2 protein chains.
Amino acid sequence: MIDKNSPLPIYYQIQEWIRKKMDDGEWEPGDMLPSERIFAEQFNISRMTVRQAITELVNEGLLRREKGKGTFVAEKKLEQPLQGLTSFTEDMKARGFQPGNKLYEFRVTPPSRDVADALNMKKTDSVYELERVRLADNKPMALEMTSIHAGVVTNLSKDIAQSSLYNYIEQTLGLTIGHASQTLESALAGEKEAELLQIEAGDPILWISRKTHLQDGTPFEYVRSAYRGDRYKFSIHLPRSTRRH
Amino acid sequence: MIDKNSPLPIYYQIQEWIRKKMDDGEWEPGDMLPSERIFAEQFNISRMTVRQAITELVNEGLLRREKGKGTFVAEKKLEQPLQGLTSFTEDMKARGFQPGNKLYEFRVTPPSRDVADALNMKKTDSVYELERVRLADNKPMALEMTSIHAGVVTNLSKDIAQSSLYNYIEQTLGLTIGHASQTLESALAGEKEAELLQIEAGDPILWISRKTHLQDGTPFEYVRSAYRGDRYKFSIHLPRSTRRH
DNA sequence: CATGTTAATTGGTATAGACAACTATATATT
DNA sequence: AATATATAGTTGTCTATACCAATTAACATG
């Protein structure tokens, strides 16, 4: 069950084991887990290692600890957890839609004022830009404009940019992706959006922009998306606050 | 500096000490912290305790670890961090607005279908309901409808509901607040919203609903807000993903 | 000068144990 | 019957130590 000689850390193996119990429905929300000591004894590992595994799951909101009582399976989160970065494809699958993609523009160009600002670059630098319509069950869901810092993400091809950008950055370029920040706002569709999304000008649009950084803080991607207001809800889960007031 | 006999845990004292260094600007983004071993030696505590302190700050996104290199102060987050629960008041202050509040309805009533669903209650139970216009610099920013489970949050007064609900729940009732989930969507203002927000029907509105739970998962609060699309942007920070794909 | 090697330093993982603080239950005591 | 009191079980905090893996800089070698 647990392989001490595996290259995978023991605490990670424990995490997966616990996750599986929950995914399989063997452990249900409200159930109490075996105590940490029993865990440690059963797997013949240290209690601190058990704690490390459990602590991460608590931070993700999957488990809940109560001093003096025990550790419990948390109530199920509603809709999409959507903490952490999720791609449009994953997002749509989680919502039960068939994701699709219609690229109508791919170019290398100097950045516009907004993009240069967001990606912290000079006007003489270059960005890769993609424009596409995102589909859900073959009907337009969003219009998406992506700008990628060409000085950071080098030798990018159209195919890779479309399908596996993050993989390329981490696996091929050996960079590590860090945090992202998103802003959402409500607006009305203009002529361009209306046409591409097959709605009427004046219909509601949810604008989502995302800026993604490397681990060292360098911004490398800026995405502006216009989602159809009648088809899309954005969900977010806020874990209990650990901050002081 | 660190008091081993304090009722506050040592790891917490270390956290505060580090936070202060950053707040004071003594440590700036990109700076490297003393190594964990040096920390431990300096404060005469165990390295594992230092790690506990640092790990939480890393999870909050304030620090960044790199194996073999060190631990660094993370780049500053942009705009509102807004992870964790933030009140309208705090939100507006952070944006440089003067927050205001015009309550025009406070009642105890059986829940509507939607509210009963959201708060997981019977139609014969009771909820406290508040309706108010939220102001920023004395101009309407949002319309807010709050429903509070009267069986969980007992003996609520109009004043408390308006000003310090969360404090009341935790301090007076002795309950612990847990996670919340929010959804955002774009829509057009109807007659009612238009009038109260001093905009035109058909103008863009950002609908935000929040459901807040106790630590044991019981939902106790359901809030639906209509924000003026021309005045409000919602920002969110996504820490690096710890999830598998 | 370029290249490979070594050593030192860093965070990552794991151990075995200790005591504190909190909770629930059983057991006396009044 | 109600109320203390012990006690066993839980998570929370902390120690001291060990070895692993990644990075960096100094050094030796070609």
Checklist entry - Among A:ASP31, B:ASP23, what's the order by accessible area (1.4 angstrom probe), most exposed first? => result B:ASP23, A:ASP31
Item to check | Heavy atoms of B:LYS122 accessible to a 1.4 Å probe, total area in Å² rounded to 10 | outcome: 140
Checklist entry - What list of ³J(HN,Hα) couplings, whole Hz, do you get for the range B:147-161 from phi and the Karplus terms 6.51, -1.76, 1.60, once you set θ to phi - 60° and write x for glycine and proline? => result 10, 10, 5, 6, x, 9, 9, 9, 6, 7, 9, 4, 5, 5, 4
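Would you work out what percent of the accessible area of the protein assembly as shown, with all protein chains in place, is carbon or sulfur (probe 1.4 Å)? Intermediate values should be presented prior to the final figure.
Details: 11630 of 25370 Å².
Looking at the protein assembly as shown in its full context, I get 46 percent from C and S.
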Next on the checklist: Using a 1.4 angstrom probe on the protein heavy atoms only, could you order B:VAL152, A:VAL108 from most to least accessible area?
Outcome noted: A:VAL108, B:VAL152
Item to check | Calculated from backbone phi, Karplus (6.51, -1.76, 1.60) coupling profile of the range B:198-213 in Hz, x at Gly/Pro | outcome: 6, 10, 9, 4, x, 6, x, 10, 9, 8, 10, 10, 10, 10, 10, 10
Checklist outcome for this item: Relative contact order in percent for the range B:10-73 (Cα pairs under 8 Å, 6+ apart) equals 41
Item to check | 14 Å beta-carbon shell around B:ILE160, net charge (K/R +1, D/E -1) | outcome: -2
Checklist entry - With every protein chain present, what accessible area does B:LEU135 have (1.4 Å probe, heavy atoms only), rounded to the nearest 10 Å²? => result 20
Next on the checklist: On a full-extension model of 0.36 nm per residue, what is the gain between B:ARG95 and B:GLN215, subtracting their alpha-carbon distance, rounded to one decimal in nm?
Outcome noted: 40.3 nm
Checklist entry - When the C-alpha atoms of the range A:10-73 are aligned to their principal axes, what extent does each axis show, in angstrom, from largest down? => result 26, 26, 20
Item to check | Kirkwood-type radius of the range A:88-228, with distances r between different C-alpha atoms, in Å | outcome: 15.8
Item to check | Local electrostatic count, A:VAL115, Cβ distance below 15 Å [Lys/Arg +1, Asp/Glu -1] | outcome: -1
Checklist entry - For B:LEU57, what accessible area in Å² do you get when you roll a 1.4 Å probe over the heavy atoms of the protein chains, rounding to the nearest 10? => result 0
Checklist outcome for this item: Using alpha carbon centers only, the range A:118-182 is separated from the range A:28-47 by a whole-angstrom value of 43
Next on the checklist: Relative to 2.2 N^0.38 Å, what does the C-alpha radius of gyration of the range B:87-138 come to as a ratio? Two decimals please.
Outcome noted: 1.51
Checklist outcome for this item: Sorting A:GLY30, A:GLY68, B:ASN5 by the position of each Cα along the dipole of the protein assembly as shown (Lys, Arg +1; Asp, Glu -1; all at Cβ), the one nearest the positive end of that ordering is B:ASN5
Checklist entry - Relative contact order of the range B:88-228: what whole-number percent is it, with Cα pairs under 8 angstrom and at least 6 residues apart? => result 22
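Do the sum for chain B: with -39,500 (n - 2.57) for every DSSP H run of n ≥ 4, divided by all residues, what is the mean residue ellipticity at 222 nm, to the nearest 500 deg cm²/dmol?
Numbers: 7 runs with 62 residues, N = 245.
My calculation for chain B gives -7000 deg cm²/dmol from helical runs alone.
Any idea what % of Cα-Cα pairs in chain B are farther than 31 Å?
Details: 12168 of 29890 pairs.
The calculated P(r) of chain B puts 41 percent of pairs beyond 31 Å.
Suppose every Lys and Arg Cβ carries +1 and every Asp and Glu Cβ carries -1, with no other charges. What dipole size does the range A:10-73 come out with about its Cα centre, to the nearest 20 debye?
Numbers: 10 positive and 11 negative charges, 71 e Å.
So the dipole magnitude of the range A:10-73 works out to roughly 340 debye.
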Checklist outcome for this item: If one compares the long axis through the Cα atoms of helix B:10-23 with the longest principal axis of the Cα atoms of chain B, the angle in degrees, nearest 10, works out at 80
Next on the checklist: Relative contact order for chain A: what percent, with Cα pairs under 8 Å and sequence separation of 6 or more?
Outcome noted: 14
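Could you give the dipole magnitude of the range B:88-228 about its Cα centre, charging the beta-carbon of Lys and Arg +1 and that of Asp and Glu -1, in debye to the nearest 20? Working shown, then result.
Numbers: 16 positive and 20 negative charges, 28 e Å.
The dipole magnitude comes to about 140 debye.
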Checklist outcome for this item: Toy charge model, Lys and Arg Cβ at +1, Asp and Glu Cβ at -1: chain A dipole around Cα centroid in debye, rounded to 20, equals 720
Item to check | the protein assembly as shown, Rg to Rh (Cα coordinates; Rh as Kirkwood inverse mean 1/r) | outcome: 0.96
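Taking the Cβ of B:GLU26 as the center, what net charge do the other residues with Cβ under 13 Å away carry, scoring Lys and Arg +1 and Asp and Glu -1? Walk me through the intermediate numbers first.
Working: positive: B:ARG19, B:LYS20, B:LYS21; negative: B:ASP23, B:ASP24, B:GLU28, B:ASP31.
Every neighbour counted, the sum reads -1.
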Item to check | Positive-pole candidate from A:ILE169, A:LEU184, A:GLY217, dipole of the range A:146-241, charges at beta carbon | outcome: A:GLY217
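The values are calculated or read from the model by the stated rules, or taken from the named source; none is laboratory data. For clarity, every value in this text was computed on a predicted model and none was experimentally measured. All Cβ positions, even for glycine, are placed from backbone atoms using ideal geometry, and neighbour counts span all protein chains on display. What goes into the accessible areas is simple: the full protein's heavy atoms, side chains included, and nothing from ligands, DNA or RNA. Shrake-Rupley method; radii C 1.70, N 1.55, O 1.52, S 1.80 Å.
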